[in-house]
Amino acid sequence: MKASHEIREAMTQVARLRQTASDDTGLNQALKAVKHLQAQRFEGTYQDLLSHPVYAPSAHFFLEELYSAKDYSQRDAQFVRIADAIERTFPASVLATVLALTKLHQQTEELDMALALAWQQAENLPDAARYVTAWRAVGQRTARNWQLATVLDVGQTLGQLTRKPGLRMLLKMMRRPAELAGLGALHGFLEAGFDHFSSMSRQRDAVNTFLSTIRARESGWIDRLFDAHPATCETELTKTLECAPTPTA
């Protein structure tokens with residue numbers, strides 16, 4: 001199957017999920033609650049990286065592009081529109097990264113939708129307890145581990161791509177044509193990811209340290225959410241949410 005077709009398939013499924021939520025007010029509210037809590041959990045877990053002079057830009061990129069509750073519909077539609085052009089224009093390594101990102105986006109939206117449905121069934125609980133209950137009702141540990149592994153692979157590849165001569169110039173040259181074609185959101189996303197990891201990769205072992213921190217902490221959360229005593233997990237999650245400066249909108 002062509003990469004462009006796989007990109008369109010993934011984005012089509014994301015659009016279906018988004019429409020399902022849009023058609024159901026209660027489900028939409030539950031989905032937003034889940035996404036807001038997950039963004040707060042990320043902020044609370046990575047306060048040190050989010051305020052670090054070397055790691056902050058990449059940490060904010062992860063938060064805003066992978067964990068936030070913002071609306072990605074414009075960017076997703078642009079991915080669909082230029083899937084063939086991406087396949088023709090970019091090197092195989094860049095195409096593989098874009099494809100991995102779209103599949104990651106699809107998997108994330110599917111898991112979030114499942115959590116939202118379970119969240120609706122766990123009424124009258126504090127948010128932390130409600131989230132832990134919903135997480136365990138959904139299960140899918142293999143999918144969670146795949147999600148984390150893919151995030152790490154994409155991060156590692158971005159770090160490698162920033163060292164390819166000419167690629168940054170190609171992105172810069174494409175900026176104005178992308179804006180004129182109504183593809184500014186997509187191009188801004190690609191440039192931001194490249195630039196943040198380019199800055200970090202100039203520091204010795206910074207990319208590996210950053211990704212190792214993500215791996216250790218996210219693996220810890222996956223294990224905790226699945227295996228820890230519910231009360232212990234809820235207490236730890238509550239403390240982490242309280243460390244976030246403000247809920248991410």
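The values are calculated or read from the model by the stated rules, or taken from the named source; none is laboratory data. All values derive from a computational prediction rather than experimental measurement. Glycine gets a Cβ as well: all are built from the backbone with ideal geometry, and neighbour counts include every protein chain shown. These area figures cover heavy atoms from the full protein model, side chains too; ligands, DNA and RNA do not enter into them. Shrake-Rupley method; radii C 1.70, N 1.55, O 1.52, S 1.80 Å.
Condition check ((1) at pLDDT 90 or above; (2) within 20 Å of the chain's Cα centre (by Cα)) across all residues:
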{"site": "MET1", "(1), (2)": "no, no"}
{"site": "GLU6", "(1), (2)": "no, yes"}
{"site": "GLU9", "(1), (2)": "no, yes"}
{"site": "ALA15", "(1), (2)": "no, yes"}
{"site": "LEU27", "(1), (2)": "yes, no"}
{"site": "GLN38", "(1), (2)": "yes, yes"}
{"site": "GLY44", "(1), (2)": "yes, yes"}
{"site": "ASP48", "(1), (2)": "yes, yes"}
{"site": "PRO53", "(1), (2)": "no, no"}
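Does ALA39 fit the bill of being under 30 Å from PRO126 (Cβ atoms) and of a type outside the set (Ser, Thr, Tyr)? Give the steps one after another, and end with the answer.
Working: under 30 Å from PRO126 (Cβ atoms): yes; of a type outside the set (Ser, Thr, Tyr): yes.
It is true that ALA39 is under 30 Å from PRO126 (Cβ atoms) and of a type outside the set (Ser, Thr, Tyr).
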Legend entry - Some residue of region 55-72 being at pLDDT 85 or above and not small (Gly, Ala, Ser): yes
Inset, instruction - Report, by residue number, each residue of region 28-57 that is over 26 Å from GLN203 (Cβ atoms) and touching a residue at least 12 places away in the same chain (Cβ under 8 Å). - result: ALA30, LEU31, LYS32, ALA33, VAL34, LYS35, HIS36, LEU37, GLN38, ALA39, GLN40, ARG41
Inset, instruction - Being within 14 Å of THR238 (Cβ to Cβ), of a type in the set (D, E, K, R) and in contact (Cβ under 8 Å) with a residue 40 or more places away in the chain is the filter here, so list the residues in region 121-136 that pass it. - result: ASP127
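Identify all residues within region 211-233 that are aliphatic (A, V, I, L, M), open to solvent by less than 30 Å² (accessible area, probe 1.4 Å) and over 16 Å from ALA128 (Cα atoms); write none if there are none.
Once the filter is applied, which keeps residues that are aliphatic (A, V, I, L, M), open to solvent by less than 30 Å² (accessible area, probe 1.4 Å) and over 16 Å from ALA128 (Cα atoms), region 211-233 yields LEU211, ILE214.
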